[in-house]
1. Quick one: count up the residues across segment 330-345 that are of a type in the set (S, T, N, Q) and either at positive phi or in a helix (DSSP H, G or I) (or both).
2. Would you please name the residue that is nearest to THR293 (Cα to Cα), looking only at residues in segment 199-248 that are in contact with a helix residue (DSSP H, G or I) (Cβ under 7 Å, 6 or more places away or on another chain) and polar (S, T, N, Q)?
3. Taking ASP300 as meeting all but one of (1) in contact with a helix residue (DSSP H, G or I) (Cβ under 9 Å, 6 or more places away or on another chain); (2) surrounded by fewer than 24 Cβ atoms within 10 Å (Cβ to Cβ); (3) closer than 20 Å to SER383 by Cβ; (4) of a type in the set (Asp, Glu), write down the number of the exception.
4. If I filter segment 29-44 for residues that are crowded, with 18+ Cβ neighbours inside 10 Å, among the acidic types (Asp, Glu) and over 23 Å from ASN354 (Cα atoms), do I get at least one hit?
5. Restricting segment 285-307 to residues that are in a loop (DSSP other than H, G, I, E, B) and of a type in the set (Val, Ile, Thr), which is nearest to PRO63 (Cα to Cα)?
6. Select from segment 167-195 the residues that are closer than 24 Å to LEU118 by Cβ and out of contact with any strand residue (DSSP E or B) (no Cβ under 8 Å at 6 or more places or on another chain) and write down the one among them that is surrounded by the most Cβ atoms within 10 Å (Cβ to Cβ).
7. Within segment 308-329, how many residues are small (Gly, Ala, Ser), in a helix (DSSP H, G or I) and surrounded by 20 or more Cβ atoms within 10 Å (Cβ to Cβ)?
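The values are calculated or read from the model by the stated rules, or taken from the named source; none is laboratory data. Fair warning: this is a prediction, and the values are worked out from it, not measured in the lab. Heads up, the Cβs are rebuilt from the backbone with ideal geometry, glycines too, and the neighbour counts pull from every protein chain shown.
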Amino acid sequence: MRCLLAGVRIPGADGEGRRDLVFDNGRLQDPSEHPHGPLPVISGRDLHLFPGFTDVHVHLREPGFSYKETMASGTRSAARGGYTTVCAMPNLRPVPDSAAHLAEQLALINRDAFIRVLPYGAITVNQQGETLSDMDAMAPDVCGFSDDGKGVQNDALMEQAMVQAKRLNRVIAAHCEDDRLVGGGRAHDGAWAKANGLPGIPSESEWRQVQRDLALAEKTGCMYHVCHVSAKESVALIRNAKARGVNVTCETAPHYLLLNDTQLIDNGRFKMNPPIRDVDDQEALIAGLLDGTIDMIATDHAPHSADEKAGEFAGSLNGVVGLEVAFAALYTGLVRTGVLPLSRLLQAMVDAPNARFGITHKDDWTLFDLGAAYTVRGADFLSQGHATPFEGMRVYGTCLLTIAGGHVAWRDPNVFSAPEEHA
C-alpha cells in the first residue's frame, strides 16, 4: 500500500516544522524520491512520527497461560500502542529457567509476534528463590534476568545472581518486595485502605529490598534495574545511589505517575502490585522522572481473564493492562498539562530503555495523531485483558500506524485497509 502522509511533525527534525512523507509498503520516503504519481493522502489534526516505543516490562502470558493473553494478541496490542519492542517477563509455564524451557517461548515469539520480543530469563529455578537458573545457557537469548512477580528473598542468592549477571553482561531486573513486610496487604497502607477495611501494603516492603539490592549492586558492579518503582523512599534511594556511581536504572509505570490512592475505587481494575500509593509518592515519581532519577516508563502490562479481574480488591488478581493506552494517557496527563516536555516522555519510552538494554531500532516508527481524542474503553482493546485503571479517561493521541523492522505491525483500519504483518 502506498500513500502520502501529509504535514507530519518529526520531533528533533531541523526546525520542528511539518513535512510530507510517502508511506510505501512499510517504508517511509521523501516525496521527491518517490517515482510514482499522485497518491492517496492521509492527514490528521496533528500528525507526529516517533521512533517505535520500547517497553521493558510486559507479561505476554505464553507459554502456559494463553487464556489470559497470547503472543499474537499481546504484540498486536503493543503495536497498536506504538510499541515496536517489548521485553517479556518470565512468569510462564514452563518458567524460562533453562535453555530448553526458554526455547518454547522463543518458538512462539518467532511464529506469532507482530513486533520484536526480547524475553527475560528467570533468576531462580521455577522462580522459587532457592537455586539460580541456568543463566549461562540462556544469556545469549535473553535481555536480562528477573523473577518478576516475586522478590528474591535470600540476600546471598541475590548477590550470586548479580555476580553471574555481571560476568554475562546482562541486566538484573528486580521486582523488589520483602515478603515479611507485605502481610497479606491488598492496597497501599494509607487512608483509602483503612477507609475500605483492607489490609495495607507498606511502602517499606518495596524500598527495604531496593536498599538491599543497591548495596549488592554497588558491591558486585552488575547492571541493576529496579522494576515498577512506586514509593517516594525508593526514588530517594535510587537518586542517592546514582550520585555514588552505582550502575542502576529504574522504571515506573503510567498508573503510578497519573493516579494516587484518592482516586481508587474498590474494583479489580485498580489492583496491581506494587499498589497505587498516595499523593506524595506520585509527586516524588514525577519529580524523579523530571530530574532523571527515573530513567524510563514501562507499562507492566499484565492481562488476566475477565473472571480473574471481575471482583473487588479482595477477589481480584494483581495486574492491569496498559500497552494500548500508555502513550496517550501520559501525553494527555503530563505533556498537555505542561508537567513534562514531550521530549522527556519520548526519552523515557525510547532512548533510555534502548540504551540500558542494548536495543537497536531499525525501520521502527509509529505515527500518532496527537489531535485525535478518544475515551478509553478496555472492552475495545486488542489485548485479551481489559482491566485498565484508565477506563473512561478522555485521552489525546491515536496511533495510526506502527512499523516494526520495516513490517506493518499495526494500522488503524479507519485510515488504512490492509492487514498487519508479523515481524
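1. We begin by selecting, within segment 330-345, every residue of a type in the set (S, T, N, Q); these are 332, 337, 343.
From the residues that got through so far, the ones that are either at positive phi or in a helix (DSSP H, G or I) (or both) too are 332, 343.
The number of residues fulfilling the criteria is 2.
2. SER234
3. (2)
4. Checked segment 29-44: no residue is crowded, with 18+ Cβ neighbours inside 10 Å, among the acidic types (Asp, Glu) and over 23 Å from ASN354 (Cα atoms).
5. Our first condition is that a residue be in a loop (DSSP other than H, G, I, E, B); within segment 285-307, this holds for 292-295, 298-300, 302-305.
Adding the requirement that they be of a type in the set (Val, Ile, Thr) leaves 293-294, 299.
Details: THR293: 35, ILE294: 31, THR299: 20 Å.
Ranking the candidates gives THR299 first.
6. Taking segment 167-195 and keeping what is closer than 24 Å to LEU118 by Cβ, we get 167-177.
Retained after the next criterion (residues that are out of contact with any strand residue (DSSP E or B) (no Cβ under 8 Å at 6 or more places or on another chain)): 167-168, 175, 177.
Working: ARG167: 13, LEU168: 18, HIS175: 24, GLU177: 22.
Across segment 167-195, the extreme among qualifying residues is HIS175.
7. The qualifying residues number 3.
Let's see how each residue does on (1) touching a residue at least 40 places away in the same chain (Cβ under 8 Å); (2) surrounded by fewer than 22 Cβ atoms within 10 Å (Cβ to Cβ):
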position: SER77; (1), (2): yes, no
position: ALA88; (1), (2): no, no
position: ASN91; (1), (2): yes, yes
position: ASN110; (1), (2): no, yes
position: ALA113; (1), (2): yes, no
position: LEU118; (1), (2): yes, yes
position: GLY129; (1), (2): no, yes
